[in-house]
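*Asks:* Sending over a structure as structure tokens; questions will come in a sec.
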Amino acid sequence: MQDLSRETHRKVIEILIAIITSAALLSTAIACVAISFGAWKDPERIADIQSVVRTLAGALGGFILAVGLQLFVIDRRSIRANAALEAAKQEIAALGRLITPQVDGALKYRRELEQWPLGLSDCKSLYINGMSLRSFTNEHLQSIEGIAARNGKCKILFLRPRSNASAVVAKHFIKTESPSKYDNEIIQSIERLSRLVERWADRIEVRTLDNVPTSSIALIDAKSPTAKMVVEIYTYDESSAYRPHLSLAPNVSPIWYNYFERQFERLWDESEAWSFKRMGG
């Protein structure tokens, strides 16, 4: 619309130039013809006419100059507007790439996740599921204790030891036909939490599930404006550090954040509370 308005403005100015120029030239020509045929013989009248013609020519020249400058300004404005429009298009395209990043930008190694595990230092809740969670219980007991001490809530979901699911994982992840080694690894992870559960049973819940998960979901400060989530996708024969991870937040990726939050809730609802009395039994 702006380009159309500028073009219309330009056309109107060009038409005015043509009309005024034609009128001035026609008047000058008529005056010259009249003088040539003796219409005015009085020298004073001729001098007056010549003065008028010079004045008209000067005014016409000034008008043409002013219009030329105006056309120049219109062209410059049009160039600047087109440059600004092109820059805006590029910025919008860049913003679009930020909002919907490429897969290589969305998936990250665990070491590339800034908010994990730093986000555990002052969070109020942590919900997490996994298989043995060996690294997590080895490295983050202090963080779990800190959440409980702040009157926060922890929900921790393991693969159930001595289950069909643990046997499948032992065979395909640990590469052993005997699941007992993997079962013991899960039980040791749960045992690391026993002291904390004994002290804060109402703030730390531990459950197990007889189902092989496709991902580990860590949800920090659920249902809060600062909520964030890390999803680790389980891949074949690969350690946790080198599996693909997704970092999600409800205000940035609401569709997939809500999806994986529902996934965790469904897994939690299907699980069973772990009885610490049966340790080692």
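*Asks:* Given the pairs LYS108/LYS175; LYS153/LYS181; LYS181/LYS228; LYS171/LYS228, which are separated by over 29 angstrom at their Cα positions?
*Replies:* Details: LYS108/LYS175 26 Å; LYS153/LYS181 31 Å; LYS181/LYS228 34 Å; LYS171/LYS228 33 Å.
Listed pairs above 29 Å: LYS153/LYS181; LYS181/LYS228; LYS171/LYS228.
*Asks:* Taking 7 Å along the Cα-to-C-beta vector as the label spot, tell me the LYS223-THR235 distance in nanometres, rounded to one decimal.
*Replies:* Between LYS223 and THR235, the simple spin-label model gives 3.5 nm.
*Asks:* With viscosity set to 1.567 mPa s at 4 °C, what whole-number translational diffusion coefficient in µm²/s follows for the range 106-278 from Stokes-Einstein and a Kirkwood radius over Cα pairs? Before the final figure, lay out the partial values.
*Replies:* Numbers: Rh = 16.4 Å.
Estimated via Stokes-Einstein, D reaches 79 µm²/s.
*Asks:* Hey, another quick one. Among 223-235, 154-166, what's the highest-first ranking by average C-beta atoms within 10 angstrom per residue? Working shown, then result.
*Replies:* Working: 223-235: 16.5, 154-166: 20.7.
By packing density, highest mean first, the sequence is 154-166, 223-235.
*Asks:* Taking the Cβ of SER215 as the center, what net charge do the other residues with Cβ under 12 Å away carry, scoring Lys and Arg +1 and Asp and Glu -1?
*Replies:* On the way: positive: ARG243; negative: GLU232.
Taking every other residue near SER215 into account, the sum is 0.
*Asks:* Also, quick follow-up: Go ahead and run the numbers for FRET between ALA87 and ARG150, Cβ-Cβ distance against an R0 of 41 Å, rounding to 0.05. Walk me through the numbers before you get to the answer.
*Replies:* Values: r = 48 Å, r/R0 = 1.16.
Computed FRET efficiency for ALA87 and ARG150 comes out at 0.30.
*Asks:* To the nearest Å, what is the center-to-center distance of the range 126-200 and the range 209-281, using C-alpha atoms only?
*Replies:* 13 Å
*Asks:* Looking only at the range 203-224, which residues have a backbone nitrogen under 16 Å from a spot 7 Å from the Cα of TYR259 in the C-beta direction?
*Replies:* 214-218
*Asks:* For the pair GLU270 and ARG111, what calculated FRET efficiency results from E = 1/(1 + (r/R0)^6), where r is the Cβ-Cβ distance and R0 = 30 Å, to the nearest 0.05? Working shown, then result.
*Replies:* Numbers: r = 32 Å, r/R0 = 1.06.
Computed FRET efficiency for ARG111 and GLU270 comes out at 0.40.
Each value in this text was obtained by applying a stated rule to the coordinates, not by laboratory testing. Quick caveat, the model's predicted, so the values are computed rather than measured. Note that each Cβ is placed from the backbone with ideal geometry, even for glycine, and that neighbours are counted across all protein chains shown.
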